[in-house]
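K.L.:
First, the structure itself, so that you have it in front of you.
Read the figures in this text as sums done on the coordinates, not as results from a lab. The structure displayed is predicted, hence computed values, not measured ones. Cβ placement follows ideal geometry from the backbone for every residue including glycine, while neighbour counts extend to all protein chains displayed.
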Amino acid sequence: MARIIGGVATTHVPSIGKAIADKKHNDPYWKPFFSGFDYVHQWLAREKPDVAVFFYNDHGLNFFLDKLPTFAVGAAKEYRNEDEGWGIPVARPALGDQAFSWHLINALVADEFDVTMCQEMLIDHAVTIPLELMWPGNWPAKIVPISINTVQHPLPSMARCLKLGRAVGRAIESYPQDLRVMVVGTGGLSHQLDGTRAGFINKEFDQLCLDKIVSEPDTLTRYSIHDVVALAGAQGVEFLNWMAMRGALTGQVSQAHRNYHIPISNTAAATIVLANEAQAARKAA
Amino acid sequence: MTQDIAGTTMFDGDQAQKGLALNRMCFSFNSAENRAAFVKDEEAYCQKYGLDEEQRAAIKARNVLQLIEAGGNVYYLAKFAGIFGLNVQDIGAQQTGMSVEDFKAKLVAAGR
């Protein structure tokens, strides 16, 4: 059976892509962010996931506003990145696991999450930057991208995204093949790019979210989307991807690592690793 | 346009409807060829995408707040800004009426 080994969540600011290309890892501006990945690299080297399920938001590469799904699941053999228009280097393609993708899609729809199914899907920086941060230079894991609309309101609620994650977690664990699966949530934390409130950051709310997401994610569902915009900034709603990631961790969850740094570009940057002790493993012990 | 969170425009159905043509044009800037075509003949390019007068004036003025008012979504507007080599800190400074240096300093201060 497939097993969920844990989750990683990280900021996906486009300028990180440029900083990687320019090898700025030790530059004083970037070091506090990049050094937060040393632990992630050790964890991945030890845990060796076969597949990474990504919860992320597309920023106008694969989807346009003419047809915008709330939840969309990739089922492609390969996911390409392309020119996004803001001058970051085009990343290498990521490999998919089609059989696993279709299993997730079938299970999600049976579980009343009526997702959009994508046999072709471009992945933008919200997937490629976390991949490159986690596995610099070589991406050994296959991926399943799950896109959540965080762009055009109405957005799905915090509670809905947590439930989506839980449904994905159940779907992963019902896969008969022995796969080691990790889940990834990308984006955030607090930031706002638009309006006269551009540059808004809320350290206090970010810290609360980082604390609560580990073992009390349900308490965060009290915040409406309007609340999250007010407290985390217009683009801070990317935290929905983190909620879905957390929902997919079905076992005993503990924080293995946390890094928080202000600012990267306009954003409060954060990276966490959550370990998931699966139910079956607990029974065996 | 409602702004019940000060300085923030919710990109909702009304804004999405208003900004469809503008955002579609900006979506086209994912392609280098289209960015070059815009630079070559801006007026013709805006016309091809059916921008209204308000949107054309905002594009001409390179004014992000006006572009938002005209229905622009910031992720798409960032692709427009990319044509001029401007990043989100440059457009943040423009929208808040600060110098880019002061805007960056404000972000650093938020971490203290």
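K.L.:
How shielded is A:81-94 by partner chains, expressed as the average number of their Cβ atoms within 10 Å of its Cβ atoms?
P.N.:
So the per-residue partner count for this stretch is 4.
K.L.:
List the residues, sorted by chain then number, that are 5 or more residues from A:A256 or on another chain and whose placed amide H is less than 5 Å from its amide H.
P.N.:
A:V273, A:L274, A:A275
K.L.:
Which ordering of A:S147, A:S157 is given by a fewest-first count of other beta-carbon atoms within 10 Å?
P.N.:
Ascending Cβ contact count within 10 Å gives the list A:S157, A:S147.
K.L.:
Continuing with this model, one more query. Explain nothing, just the number: relative contact order of region A:3-270, from Cα pairs under 8 Å at least 6 residues apart, as a whole percent.
P.N.:
Averaging sequence separation for qualifying contacts and normalising by length gives 30 percent for region A:3-270.
K.L.:
Just the number, please: Stokes-Einstein D of chain B in µm²/s, Kirkwood Rh from C-alpha pairs, 20 °C, 1.002 mPa s.
P.N.:
For the chosen part, D equals 145 µm²/s.
K.L.:
How many nm separate the modelled label positions at A:D211 and A:K77, each set 7 Å beyond the Cα in the direction of the Cβ?
P.N.:
Each label point lies 7 Å from its Cα, and together they span 5.1 nm.
K.L.:
Please label the shape of region B:1-67 as rounded, prolate or oblate, based on the square roots a ≥ b ≥ c of the eigenvalues of the alpha-carbon gyration tensor (a/c under 1.5 means rounded; beyond that, a/b larger than b/c means prolate, else oblate).
P.N.:
prolate
K.L.:
Follow-up question, since we're still on this one. Arrange A:M245, B:M25, A:M182, A:M1 by Cβ neighbour counts within 10 Å, fewest through most, would you?
P.N.:
Result, fewest neighbours first: A:M1, B:M25, A:M182, A:M245.
K.L.:
Show which lysines lie in cross-link reach of A:K31 when reach means a straight Cα distance below 21 angstrom and same-chain residues fewer than eight apart are skipped.
P.N.:
Cross-link targets: A:K18, A:K23, A:K203, B:K104, B:K106.
K.L.:
Then there's this: Hey, how many Å between the Cα centroid of region A:201-254 and the Cα centroid of region A:1-17?
P.N.:
15 Å
K.L.:
In deg cm²/dmol, rounded to 500, what helix-only [θ] at 222 nm does chain B give when every DSSP H run of at least 4 residues adds -39500 (n - 2.57) and the total is split over its residues?
P.N.:
Dividing the helical sum by the residues of chain B leaves -18500 deg cm²/dmol.
K.L.:
Label A:Q255 and A:Y39 with points 7 Å out from Cα along Cα→Cβ: what is the distance between them in nm?
P.N.:
0.9 nm
K.L.:
Just to be sure I understand the model, the point goes 7 Å from the Cα along the line to the Cβ. What's the resulting B:V100 to B:A57 distance in nm?
P.N.:
2.8 nm
K.L.:
Neighbouring Cβ atoms within 10 Å as the yardstick, rank A:H25, A:H59, A:H257 fewest first.
P.N.:
Ascending Cβ contact count within 10 Å gives the list A:H25, A:H257, A:H59.
K.L.:
While we're looking at this one, here's another question. May I ask for the Rg/Rh ratio of region B:67-107, computed from Cα atoms with Rh as the Kirkwood radius, given to two decimals?
P.N.:
Across region B:67-107, the Cα-based Rg/Rh ratio is 0.99.
K.L.:
I'm a student and want to see the number: the projected area of the Cα convex hull of chain A, averaged over all directions, in nm².
P.N.:
The directionally averaged projection comes out at 13.9 nm².
K.L.:
Largest first and in whole Å, what are the equivalent-ellipsoid semi-axes of region A:149-264 based on the Cα gyration tensor, each being the root of 5 times an eigenvalue? Let's see the in-between values first.
P.N.:
Details: eigenvalues 140, 48, 31 Å².
They are 26, 16, 12 Å, listed largest first.
K.L.:
Net charge near A:G187, counting Lys/Arg +1 and Asp/Glu -1 over other residues with Cβ under 12 Å of its Cβ?
P.N.:
For residues surrounding A:G187, the net value is -3.
K.L.:
Given axes a ≥ b ≥ c from the Cα gyration tensor, I'd like to know whether region A:27-178 is rounded (a/c under 1.5), prolate (a/b larger than b/c) or oblate.
P.N.:
Note, shape of region A:27-178 comes out oblate.
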